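Structure, as structure tokens:
The values are calculated or read from the model by the stated rules, or taken from the named source; none is laboratory data. On a predicted model such as this, the values are computed, not experimentally measured, just so you know. Positions of Cβ are backbone-derived with ideal geometry, glycine not excepted, and every protein chain shown enters the neighbour counts.
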Amino acid sequence: MPNITITLTDTQYKGLEYAAASPQEWAENAVTERARIANDEIVRMYTDRALDEGVQIPATRDLIIEDAFTREWVKTAAQLNEEQAAALEAQAAE
């Protein structure tokens, strides 16, 4: 399981203590909630496309997300950024 670690200054941490009872819990909740939202989007996109193309839908959300990346029906944000940068470079070269 991947681990994400962030480092804050003392001032940033104090700001989070002002905003949340537990900065650690708040950060974990923010990240896990964003991941849940992204996974929901992937499952919806995958299900729609699989139904349109007659592809059997895997039995679990984890398998759906794994298959979505395997089939390249979804891409990481980094991949999309690279593709966009390449397209802009190609356009500028014209």
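Going by what's in this entry, would Leu16 be described as exposed (fewer than 12 other Cβ atoms within 10 Å of the Cβ) and not β-branched (Val, Ile, Thr)?
So Leu16 fails the test.
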First in region 53-67 and among the basic types (Lys, Arg), second anywhere and at pLDDT 95 or above, Cβ under 9 Å, 6 or more apart
Arg61/Asn39; Arg61/Asp40; Arg61/Ile42; Arg61/Val43
Consider only pairs whose beta carbons are under 8 Å apart and that are at least six residues apart or on different chains; among these, list those whose first residue lies in region 79-93 and is within 25 Å of Phe69 (Cβ to Cβ) and whose second residue is surrounded by 10 or more Cβ atoms within 10 Å (Cβ to Cβ).
Glu83/Lys75
So which residues in region 10-21 are assigned to a loop (DSSP other than H, G, I, E, B) and within 26 Å of the chain's Cα centre (by Cα)?
Ala20
Are there any pairs, at least 6 apart or on different chains, whose C-beta atoms fall under 8 Å, with the first in region 1-20 and small (Gly, Ala, Ser) and the second surrounded by 10 or more Cβ atoms within 10 Å (Cβ to Cβ), and if so, which?
Ala19/Trp26; Ala20/Trp26
Selected residue [surrounded by 11 or more Cβ atoms within 10 Å (Cβ to Cβ), farther than 22 Å from Val74 by Cα and aliphatic (A, V, I, L, M)] from Ala27, Ala21
Ala27
Take the residues in region 41-94 that are closer than 24 Å to Met1 by Cα and among the polar types (S, T, N, Q), then tell me which one is farthest from the chain's Cα centre (by Cα).
Thr60
Could we say that Val43 is farther than 30 Å from Gln12 by Cα, assigned to a loop (DSSP other than H, G, I, E, B) and aliphatic (A, V, I, L, M) here?
no
